[in-house]
Amino acid sequence: MTDMPSQTAAPRWLGLWPAAMLTLFFLAPFGIMLAVSVAHRDVSGFYEWGFEWDSYARFLSVFFAKVMAVSLSVSLAAAAICVLLGFPFTVFLSAMGHTAQTRILVVLLSVLALSEVIIGFSLSTLLSQTAGIGNLFHWLGLIPEPRAYTPSLFALIAGLCYIGFPFAVLVLYPPVSRLDPELIEAARVMGASGPRAFFGVIIPNLRGAIVGAFILVFVFTLGSYLLPQLLGRSEHWTLSVHITDQAIYQSNLPFAAAMSVFLMLVALALVGLASLAGRERGAA
Amino acid sequence: MTRTLKTTYVLIILALLLAPLVVVAAVSLNGPQTLRFPPVEPSSRWYGELFRQSEWLVPLRNSLVIAACAAALSVVIALPLALYVWQRRGVAAKALTGMGLAPFALPPVISALGFMIFWMTLGGYGQIYATIISHGVFLVTLPLVTISLGLKGIDPLLIEAARVMGGGRWVVFRTVILPLLIPYMVSGYAFAFVLSLNEYIIAYMVAGFTVETLPIKIFNALRYGYTPILAVVSVIFAGLSALIFGLIGRFGNLPRLLGAERITRD
């Protein structure tokens with residue numbers, strides 16, 4: 001490794017402290033969770049250590065299949081909308097000046113950081129009967145009576161798009177802003193129109209990044225916990241809600257842990273796919 | 001597409017993102033205990049109310065203490081991690097980076113359940129320190145990313161020069177590396193602070209019944225009906241996030257922090 005300096009700036013022992021902290025407080029909780037997922041459920045509320053597949057066997061129920069189908073389809077819809085709207089947004093954003101970019105990024109970050117509970121509250125106010133768009137439509141004469149649009153599947157997907165959109169833009173932002181502007185310039189000089197350059201040059205060049213962003217937004221919205229409760233009906237509850245419900249209100253930690261392990265495997269597989277998709281871009 | 005059309009598109013989306021917040025800000029000005037838009041008998045009464053009611057002041061204090069300590073902890077873990085991984089390529093470096101990035105790549109409910117079972121087993125369940133440590137570990141990713149970005153920008157020749165002039169590791173770190181890293185540490189701290197302030201599920205599952213944070217308090221209050229005070233808290237939170245990110249944008253290079261390489265300050 002000739003590009004390395006003669007001596008590294010950080011001594012080797014420096015790695016011990018973060019390694020110890022992350023092993024104790026990140027790996028250990030996962031290990032315990034894995035162990036609990038195969039433990040025996042104790043009806044008194046907790047669990048007895050043991051080894052059985054009972055909690056995993058409950059996955060084979062119609063109920064669980066429904067929960068999975070709802071979680072996946074709701075998140076897929078939200079991720080598709082976010083990337084569809086977010087990609088052109090990011091392309092236009094990255095062509096702006098430094099100050100304009102900074103201001104828009106501040107807005108996006110502020111929205112992204114907002115607690116789900118605040119987003120759920122804001123959206124349910126916006127979609128409510130007394131303060132929301134129902135009023136506006138009534139005032140415009142579109143509907144005879146002001147009405148509420150929440151709780152509903154529409155409200156839930158709108159909420160997931162609201163949290164997913166800034167995330168999609170921030171995931172797309174680095175690859176989009178690194179795309180060589182000369183590439184587009186060349187396409188324009190050769191006579192390609194604006195839309196033609198967009199679909200013929202920008203999109204093919206960033207295909208991997210777009211697929212990667214889609215998967216990451218999908219995983220991100222899959223983790224939403226409060227929005228399904230605030231904006232959806234109980235049949236729209238996602239896996240995240242059921243995990244918490246089992247752990248806290250049904251006191252079934254083994255089943256909650258098993259669902260969590262399952263969700264983690266799904267998420268890890270998807271994140272792996274996303275990074276593969278991102279790498280393909282580099283090879284192209 | 002022309003420039004005007006592009007700008008319009010961007011502005012329409014920004015307007016959609018801001019619409020719920022504008023409605024909430026307006027609703028927070030209602031005089032009576034109702035959520036009407038446009039507000040009736042506008043007054044700022046609920047803003048004063050928030051700081052008089054201890055049922056809101058305690059969660060507010062909890063949230064601030066947790067966010068301040070957790071963000072500090074995440075920087076304290078991320079800084080040595082970033083320094084260790086920088087200039088190293090072994091298995092250990094890869095594993096450490098992976099562990100530092102993993103909490104953020106997974107749906108948070110997974111980490112939340114992991115932390116909950118962990119603290120139940122160890123006996124910190126329901127304690128404020130459990131929330132602080134859980135948040136600190138969960139948010140390590142943010143300062144790790146910003147500090148690594150800062151290290152990437154340091155010219156190796158600068159360090160080589162300092163070393164040739166006789167500086168030992170500690171001296172080089174203190175006089176060359178650290179001053180260059182401070183802006184990145186500050187923004188990493190700020191990112192972690194804001195996210196901890198707004199985090200719900202981990203705080204709820206680790207100590208939700210004893211240590212109420214503001215998001216937990218809001219969610220609990222929602223069950224008993226919507227009052228303007230919820231709108232007030234939302235406005236303050238949104239304003240605080242905007243202020244912190246605005247400061248980073250004002251004094252740092254936000255586009256570069258978020259991964260743009262081509263951009264220079266104008």
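The values are calculated or read from the model by the stated rules, or taken from the named source; none is laboratory data. Remember, it's a predicted structure, so these values are computed and weren't measured experimentally. Ideal geometry is used to build each Cβ from the backbone, glycine not excepted, and the neighbour counts take in all protein chains shown.
One residue stands out in region B:1-41 among those that are touching a Leu at 6+ places or on another chain (Cβ under 7 Å) and not β-branched (Val, Ile, Thr): the one that is surrounded by the most Cβ atoms within 10 Å (Cβ to Cβ), namely B:Pro20.
Being at pLDDT 85 or above and crowded, with 17+ Cβ neighbours inside 10 Å is a property that does not hold for A:Ile184. Residues of region B:14-43 that are without any contact (Cβ under 8 Å) to a residue 40 or more places away in the chain and aliphatic (A, V, I, L, M): B:Leu14, B:Ala15, B:Leu16, B:Leu17, B:Leu18, B:Ala19, B:Val22, B:Val23, B:Ala26, B:Val40. In region B:52-74, the condition of being aliphatic (A, V, I, L, M), more than 26 Å from B:Val211 (Cα to Cα) and more than 7 Å from chain A (Cβ to nearest Cβ) is met by no residue.
Taking the criterion of being crowded, with 18+ Cβ neighbours inside 10 Å and within 20 Å of B:Gly259 (Cβ to Cβ), the residues of region B:172-191 that qualify are B:Leu181, B:Tyr184, B:Met185, B:Ser187, B:Gly188, B:Tyr189, B:Ala190, B:Phe191.
Just checking, does region B:113-121 include any residue being of a type in the set (S, T, N, Q), in contact with a helix residue (DSSP H, G or I) (Cβ under 9 Å, 6 or more places away or on another chain) and modelled with pLDDT of 90 or more? No. Pairing residues of region B:44-72 that are closer than 14 Å to B:Leu197 by Cα with residues that are outside any helix (DSSP H, G or I) and among the β-branched types (Val, Ile, Thr), at Cβ distances under 7 Å and at least 6 apart in sequence or on separate chains, gives B:Pro59/B:Thr213; B:Asn62/B:Val211; B:Asn62/B:Thr213; B:Ser63/B:Thr213; B:Ile66/B:Thr213. Please indicate, with yes or no, whether at least one residue in region A:81-94 is touching a residue at least 12 places away in the same chain (Cβ under 8 Å) and polar (S, T, N, Q). Yes, there is a match, as at least one residue in region A:81-94 is touching a residue at least 12 places away in the same chain (Cβ under 8 Å) and polar (S, T, N, Q).
Criterion applied to B:Gly252, B:Gly208 was being surrounded by fewer than 20 Cβ atoms within 10 Å (Cβ to Cβ) and not polar (S, T, N, Q), and the one residue passing it is B:Gly252. Restricting attention to region B:92-147, the residues that are in contact with a Gly (Cβ under 7 Å, 6 or more places away or on another chain), hydrophobic (A, V, I, L, M, F, W, C), over 16 Å from A:Ile243 (Cβ atoms) and surrounded by 21 or more Cβ atoms within 10 Å (Cβ to Cβ) add up to 6. Across region A:131-145, the number of residues qualifying as among the hydrophobic types (A, V, I, L, M, F, W, C) and part of a helix (DSSP H, G or I) comes to 5. Where residues in region A:33-66 are surrounded by 20 or more Cβ atoms within 10 Å (Cβ to Cβ) and assigned to a helix (DSSP H, G or I), which of them is modelled with the lowest pLDDT? Step by step, filter region A:33-66, then rank; the result is A:Ser55. The listed residues are A:Arg196, A:Arg207, A:Arg188, and the only one of them that is charged (D, E, K, R) and closer than 21 Å to A:Ala79 by Cβ turns out to be A:Arg207. In the condition set (1) over 21 Å from A:Phe220 (Cβ atoms); (2) in contact with an Asp or Glu (Cβ under 9 Å, 6 or more places away or on another chain), B:Pro108 is compliant with all but (1). Set side by side, the residues A:Ser75, A:Ser128, A:Ser110 differ, and just one is within 13 Å of chain B (Cβ to nearest Cβ), buried (at least 22 other Cβ atoms within 10 Å of the Cβ) and not in a helix (DSSP H, G or I), which is A:Ser128. Quick check on region A:114-124. Is at least one of its residues closer than 23 Å to A:Val74 by Cβ, more than 9 Å from chain B (Cβ to nearest Cβ), out of contact with any Cys (no Cβ under 7 Å at 6 or more places or on another chain) and touching a residue at least 24 places away in the same chain (Cβ under 8 Å)? Checked region A:114-124: no residue is closer than 23 Å to A:Val74 by Cβ, more than 9 Å from chain B (Cβ to nearest Cβ), out of contact with any Cys (no Cβ under 7 Å at 6 or more places or on another chain) and touching a residue at least 24 places away in the same chain (Cβ under 8 Å).
Scanning region A:231-247 for any residue that is more than 10 Å from chain B (Cβ to nearest Cβ) and crowded, with 23+ Cβ neighbours inside 10 Å turns up at least one such residue. One residue stands out among those in region B:238-247 that are over 14 Å from A:Thr99 (Cβ atoms) and at the interface with chain A (Cβ under 8 Å from one of its Cβ atoms): the one that is surrounded by the fewest Cβ atoms within 10 Å (Cβ to Cβ), which is B:Ala242.
Checking each residue in region B:1-48 for being more than 7 Å from every other protein chain (Cβ to nearest Cβ), of a type outside the set (Gly, Ala, Ser), over 16 Å from B:Phe237 (Cα atoms) and in a helix (DSSP H, G or I) picks out B:Arg3, B:Thr4, B:Leu5, B:Thr7, B:Thr8, B:Leu11, B:Ile12, B:Leu16, B:Arg45.
Scanning region B:204-237 for residues that are facing chain A (nearest Cβ under 10 Å), within 23 Å of B:Pro143 (Cβ to Cβ) and not in a loop (DSSP other than H, G, I, E, B) gives B:Leu214, B:Pro215, B:Phe237.
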